[in-house]
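Enquirer: Below is a structure I'd like to ask you about.
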Amino acid sequence: MGNTIDSSLFLETNKQGVRNTPSNTLGKDDFLKILMVQLQNQDPLNPMDDKEFIAQMAQFSTLEQITNMSNNFAKFIDFQKTNILASYVGWIGREVDWEIIIRNFDKDGNEIDPTIETGTGTISAVQIGDNGIVELKLDDGRIVYQDEIKSVQGNAKNDYETQLSLASQMVGMNVSWINDEGEKIDRATVTSVHMKNGKIYYELQDGTMIRGQQIVKISKSGQNNDYTIESMDVDED
């Protein structure tokens, strides 16, 4: 009797893969590749005109400048988010009363009496939503907005007396942060806050000292979910 091979050992030749969608954005690297191919394949008897080459290099320079401007603008947006989110750090852990007004319409599209929902919850995290608006996440998972908050228990202050008072709200919080090599470090707990040369430093459980601008995520200690708070910096000079 001849030997048989288990068909389950055969290599699959018709696997379904994830299709890579080509980008529709031309970057500076793509531009250089196109230019190099053009130079390599030009007719030696009729090479590219000097003026044409200079014009293409000028286009490349312009493209590079636009790319750099775009990157700088993105950093500016992140900085703005930093300032906005910093003012909400003291709300984490606070109990709030909220009221949500839901607009209703009849079958003809006419607006009718709204539905009003009210409740109480504890803010577990703050984040910037896809629409660019600050979202306050409650302990039950509900998302509410600042204008839907009717009262904050404990008289949370929007204007702290000192930077240290504001930064102390971070003690006990879980954070993710970026080290000097640009690597993201997940899940560290802030154990204390220090003031040195007029600047705030956060001490982690392993003794590491970091600045506020290194923090990219924050969540209340003891919770399993991460809530993005994007580049929070509460110690502006």
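We did not get these values from a lab; they are worked out from the coordinates using the rules stated. Fair warning: this is a prediction, and the values are worked out from it, not measured in the lab. Note that we place each Cβ from the backbone using ideal geometry, even for glycine, and neighbour counts take in every protein chain shown.
Enquirer: Within the set of other residues whose C-beta is less than 12 Å from the C-beta of Glu148, count the net charge using Lys and Arg as +1 and Asp and Glu as -1.
Expert: Values: positive: Arg142, Lys150; negative: Asp97, Glu99, Glu117, Glu135, Asp147.
Spelling it out: positives minus negatives among the neighbours equals -3.
Enquirer: Mind ranking 99-111, 202-214 by how tightly packed they are, going by the mean number of other C-beta atoms within 10 angstrom, highest first?
Expert: So the order, starting with the most tightly packed, is 202-214, 99-111.
Enquirer: Going by average Cβ density within 10 Å per residue, which order do the peptides 147-153, 168-174, 117-123 take, highest to lowest?
Expert: 168-174, 117-123, 147-153
Enquirer: Given the alpha-carbon gyration tensor of the stretch 90-159, what are the semi-axes of its equivalent ellipsoid in whole angstrom, ordered largest first, with each equal to the square root of 5 times an eigenvalue?
Expert: 27, 14, 10
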